Every structure is written in structure tokens, then in C-alpha cells.
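Okay, structure first, notes after.
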């Protein structure tokens, strides 16, 4: 049968979206996503591009905080009910080591040189310094009650811990373990984020959606970011975990029971946009290439994926249980 040129062109144009879709579906994933499940004692492993489960890590009881080594090869897991930190191979997905961490570890930070973990021991009102080469706790710093959020400066000199019961933030010298400054912040502080190349420290507070801004050099508070006015229809506005894209130009904050993730311009402190997620969103992660955002929602048992190129939610996957922490590692 003879096909006229115009008809042939129309056939190609109709087929083009299907061909593009097929090509996109075959695009290799660039990252693997790890999601801690505090209810079931596992860390779920998912493919970043498709959201499909590719395995699970059987950890100690109540895994919560997650972090990667600076080279991205080791996954650290805080098994809070087992009072330990576990190290897992990202590629082989096998456990490499376990260390006693102090009582009830929840969140922790990895030093930039990869030699230490700074661990919040929630029911012991302390921050433990774990020396990874020796596997020993080499310092314990007393802070406010129920410490949770942890951060370390890009140069490795300053450790920051939040204490939710006292609504305080604590700045600690990383070399000596000396407590430098304690300061009040919003109710129930959660996350710690260094922005602007380490010049500022942001402290999120869950109770009323506030972010306290500190100068990292002087340790003085310089401002407050209030999320409440940007979400007038929300019954409760919260601010929990924060992450920045690899280039530092975009900051995202999980909003707990607000069931959203907000994007904040770090240059202005203004909310740019927000994304709908599952119920009670705590954990956040950004893919190593900066193109995807992952948000874990504990009450709905879901993981929401946001395409940061098109700025739209592309998928919500049922993980089950109570997802808590998230990290994304390069494949």
C-alpha cells in the first residue's frame, strides 16, 4: 500500500511520544535509595528511577537515622533500640561493622574526613564522638535533654546538636569536645543544616514551622524563617529535616504533619514552592546528581519522589511500616 508523505509524517509524529517513553523507561537509574523503617527493623532498598524495591537490610531494632560516608560507599544506620551504629556496604548490601553508640541513638553526623560520627543519644542528654578507625567512643558531651538533630560544618571544626525537650541548640568544638555556646530556638528543634558554604547554620523547629538562622563564625542568631504565613490553610505547620542540593542553591525542608515539603531560597530565606507528600513527612534525601528529591512519610508508609528538573511529584510508592530516614547513594 502506498503511504503518502503527509500521512507518513503524521504516523511518525503519533509514534514519537511512545518511542520517547520507551527510551525514558529504559534509562538506567543513577542512584539507590535507602529508607529506614523504625517499625519493622529493616532498611528498605529501592531503585531511584523506578521506585521498585530491590532488597532490604535486616538491622538492629528501630533503625532511624541514616548517613553515607563521604565517598558514598558506606551506609551508616542508627539502630536506636539496639544502642548501636551499623555500617553497611552500599554496593554489596552486607553489614561491615557494628559499634556501641551510647544510649538510644537517633540522628548523627559524619565528619567530612569520614573518621568520626557525632551521635545524638536521645535519652542520655549527650552527644557521643565515635572514632571509626578504633571503634571507640572518645568523648561524650552533655547537652540539653532529648538531643536529636546533628550537624557538622564543612570544614569539620564545628559540631551542632539540637535538644528538643529544652528547645536549645548546642555548638561544640569538634577537636576538643568543648561546649562553646548554647542558645534558645523554636519549640522542639529537629534538623541542622549548614548553608552558604558553611557560613550559616539553620535550625528547624517542629512545633511551629520556624527555622532559626545562626552565623557560623560568631554563633550568634541573625534571623528567623517563618513558614507559617506561606501555608495559611494548613492546620499545623511544621519544619523537620532539611537538605540542600549539591550546588547549594536550593534548600528543602520536610514539614511533618503538614504533609508537604517546602523549597526555600537560601539567598533570600523565602519559600519558593512546596510539594504534596504522604502523611507525617520527616526524612528527606536528594539524589547525588541533584535531580530527584525523596520524602519519607511515616504515617502513610510512603516514599514520595519529586523531579527537581520539572518541579513536580512524579511518584508515590508504598513502602509500608513507618518510614523514617532516607539517603540516596550513587550506583
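The values are calculated or read from the model by the stated rules, or taken from the named source; none is laboratory data. Computed from a predicted model, the values in this text were never measured in an experiment. For neighbour counting, all protein chains shown are included, and Cβ atoms are generated from backbone atoms with ideal geometry for every residue, glycine included.
What to note about this one:
- Hey, residue 239 buried (at least 20 other Cβ atoms within 10 Å of the Cβ), under 16 Å from the mean Cα position of the chain (by Cα), in contact (Cβ under 8 Å) with a residue 40 or more places away in the chain and assigned to a loop (DSSP other than H, G, I, E, B) or not: yes
- Pairs are defined by a Cβ separation below 6 Å, a sequence spacing of at least 6 or placement on different chains, a first member in segment 207-220 that is on the phi > 0 side of the Ramachandran plot and buried (at least 21 other Cβ atoms within 10 Å of the Cβ), and a second member that is in a loop (DSSP other than H, G, I, E, B) and at pLDDT 95 or above; the pairs so defined are 209/227; 209/237; 209/238; 209/239.
- Between 149, 144, the distinction of being under 23 Å from residue 324 (Cβ atoms), touching a strand residue (DSSP E or B) at 6+ places or on another chain (Cβ under 7 Å), modelled with pLDDT of 95 or more and not in a loop (DSSP other than H, G, I, E, B) belongs to 149 only.
- Any hit, segment 286-309, residues being without any contact (Cβ under 8 Å) to a residue 40 or more places away in the chain, more than 26 Å from residue 197 (Cβ to Cβ), assigned to a loop (DSSP other than H, G, I, E, B) and in contact with a strand residue (DSSP E or B) (Cβ under 7 Å, 6 or more places away or on another chain): yes
Residue by residue, here is whether (1) surrounded by 15 or more Cβ atoms within 10 Å (Cβ to Cβ); (2) within 20 Å of the chain's Cα centre (by Cα) holds:
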| residue | (1), (2) |
| --- | --- |
| 107 | yes, yes |
| 113 | no, yes |
| 120 | yes, yes |
| 124 | yes, no |
| 137 | yes, no |
| 145 | no, no |
| 149 | yes, yes |
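- Just one of the numbered conditions (1) surrounded by fewer than 23 Cβ atoms within 10 Å (Cβ to Cβ); (2) under 22 Å from the mean Cα position of the chain (by Cα); (3) part of a loop (DSSP other than H, G, I, E, B); (4) in contact (Cβ under 8 Å) with a residue 40 or more places away in the chain is not true of residue 225: (3).
- Residue check, residue 271 touching a helix residue (DSSP H, G or I) at 6+ places or on another chain (Cβ under 6 Å), closer than 21 Å to residue 202 by Cα and at pLDDT 95 or above: yes
- Check on residue 102, crowded, with 18+ Cβ neighbours inside 10 Å, modelled with pLDDT under 95 and over 26 Å from residue 281 (Cα atoms): yes
- Any chance residue 263 is crowded, with 17+ Cβ neighbours inside 10 Å, within 21 Å of residue 233 (Cα to Cα) and touching a strand residue (DSSP E or B) at 6+ places or on another chain (Cβ under 6 Å): yes
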